[in-house]
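Trainee: Sharing a structure with you now.
Any read-out appearing in this document is the output of simple, stated calculations on the displayed coordinates, not a laboratory observation. Every value quoted in this text rests on a predicted model; they were computed, and no experiment measured them. Note that we place each Cβ from the backbone using ideal geometry, even for glycine, and neighbour counts take in every protein chain shown.
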Amino acid sequence: MRRGASSIIATVLLILMVVAVLMGVFIWMQNYLFKTSQEANVDKLCSGVLFTAADFCSETLLVPNIQTGQTEPRERLILSVENNMNYPIDGFLLSLRYNDGSSAPLSVLSGQVNASQIKKLTTDFIASTDNINEIKVMPQVIVGNNTLTCNSNAQTFKWSGVKQC
């Protein structure tokens, strides 16, 4: 009786180990396949995003400084964008690139730009415009709960080409 029971326990343990290994391989493959298909979806989705950015200008406004109680001049960018495709663009991410190679994101007050629509966008205030080399404009689309930035569709503009509004 004892010899039969230990062989049954050994068989059950062997089957459990095989199932555990197969589940690990399945989870690993599913994660790999999901990432690959998600990257492909981003590329496919971004290939349908085409826009034109134009009429860049900077506007200087006097903004109150909460700490000092004084007003200080601050600049913000205003630009027009046109959605040239049939897929709505949900927003834009701007990145300021400086002469030393560093960069900083810049918030854009936008909203959705529908197909064939032209919209004027205004950025947040820029703390300092010293040493800005260029501005990179990247479209964003929302899929489910995820905001996707289409870096491959970015447009870059020289800061020296930005005029006063």
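Trainee: Could you tally the net charge around ARG74, taking each other residue with its Cβ under 14 Å from the Cβ of ARG74, Lys/Arg +1 and Asp/Glu -1?
Mentor: Local net charge: -4.
Trainee: Candidates [x] 152; [y] 204; [z] 133; which is the computed volume of the Cα convex hull per residue in Å³?
Mentor: [y]
Trainee: Hey, got the dipole for the chain? About the Cα centre, +1 on K and R Cβ, -1 on D and E Cβ, debye to the nearest 20? List each step's numbers first, then the result.
Mentor: Working: 12 positive and 12 negative charges, 164 e Å.
Rounded to the nearest 20 debye, it is 780 debye.
Trainee: If you don't mind, there's one more thing I want to ask. Rounded to the nearest 500, what is the chain's calculated 222 nm mean residue ellipticity when only DSSP H runs of at least 4 contribute -39500 (n - 2.57) each, over all residues?
Mentor: -10500 deg cm²/dmol
Trainee: Next up: Order these by the 10 Å Cβ neighbour count, fewest first: ILE27, ILE89.
Mentor: So the ranking, lowest neighbour count to highest, is ILE27, ILE89.
Trainee: Between helix 2-47 and the chain, what is the angle of the helix's C-alpha long axis to the longest principal axis, kept within 0 to 90° and rounded to the nearest 10?
Mentor: In the chain, helix 2-47 runs at an angle near 20 degrees to the longest axis.
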